[in-house]
Amino acid sequence: MELLLQFDHQNRRPYAPMPMPTDPAFGLASQDLLVIYGAKDSSTLESVAVGPPPDNWYDFDNARKGQGDDVVLAGSAKLPGVTAVQIRPEDFSYILYPIQRAYAETDLHAFLPALEEVQTIVSALFGGATGMSLLPLNLQRAMPSRIS
């Protein structure tokens, strides 16, 4: 995975990366953390070419897109050593949950916290569950596994 740093154009230097939540200064153990991330293929900007000055046009038509939730790349959401659960738009049935499926297809990032599956996973975490027992039944049977 590439480490991409934003560039502070005004001061002509990269911004400092954010500290990891597992940094000892925060006192959080990795086994007490959980990442729930959205994973739609080719939905999230990875890179955009920028034209030469003075216009600095952005070539969004030819931007490279990767897996993510429309805003955050899946690889950027995961934290080393922290359990992560993947949520995909196809986790929601067109027949049983047509509105949720439509929202997940259009903007998974905004809709993720409102999903019943996400709330079930968080509730299970607070209840002391770990591993596959964190997942609702429909995600426990998903292949490949949604937990890493």
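The values are calculated or read from the model by the stated rules, or taken from the named source; none is laboratory data. Small disclaimer: the values here were computed from a predicted structure and weren't measured. Neighbour counts run over all protein chains shown; Cβ positions are idealised from the backbone, glycine included.
Which residue out of ILE121, ILE99 is within 22 Å of VAL82 (Cα to Cα) and not in a loop (DSSP other than H, G, I, E, B)?
Result: ILE121 is the single residue among ILE121, ILE99 that is within 22 Å of VAL82 (Cα to Cα) and not in a loop (DSSP other than H, G, I, E, B).
From PRO113, PRO89, which residue is loosely packed, with under 11 Cβ neighbours inside 10 Å and within 15 Å of the chain's Cα centre (by Cα)?
Going through PRO113, PRO89 in turn, just one is loosely packed, with under 11 Cβ neighbours inside 10 Å and within 15 Å of the chain's Cα centre (by Cα): PRO113.
Can you tell me which residue is modelled with the lowest pLDDT among those in the stretch 18-55 that are more than 18 Å from the chain's Cα centre (by Cα), in a loop (DSSP other than H, G, I, E, B) and small (Gly, Ala, Ser)?
GLY51
Quick check on PRO80: is it in a loop (DSSP other than H, G, I, E, B), surrounded by fewer than 16 Cβ atoms within 10 Å (Cβ to Cβ) and not acidic (Asp, Glu)?
yes
Yes or no: THR120 surrounded by 14 or more Cβ atoms within 10 Å (Cβ to Cβ) and in contact with a helix residue (DSSP H, G or I) (Cβ under 8 Å, 6 or more places away or on another chain)?
no
Select from the stretch 24-44 the residues that are of a type in the set (Gly, Ala, Ser) and farther than 16 Å from GLU90 by Cα and list them in ascending order.
Passing the criteria: ALA25, GLY27, ALA29, SER30.
Hey, could you check the stretch 45-56 for residues that are surrounded by 10 or more Cβ atoms within 10 Å (Cβ to Cβ) and of a type outside the set (D, E, K, R) and say which is nearest to VAL71 (Cα to Cα)?
Result: LEU45.
Condition check: surrounded by 16 or more Cβ atoms within 10 Å (Cβ to Cβ) and under 22 Å from SER123 (Cα atoms). Does ASP70 satisfy that?
Judged against the criteria, ASP70 is not a match.
If you go through the stretch 93-104 one residue at a time, do you hit one that is surrounded by fewer than 16 Cβ atoms within 10 Å (Cβ to Cβ) and touching a residue at least 12 places away in the same chain (Cβ under 8 Å)?
no
Can you find a residue that is farther than 17 Å from LEU33 by Cβ, in contact with a helix residue (DSSP H, G or I) (Cβ under 9 Å, 6 or more places away or on another chain) and small (Gly, Ala, Ser) anywhere in the stretch 73-89?
no
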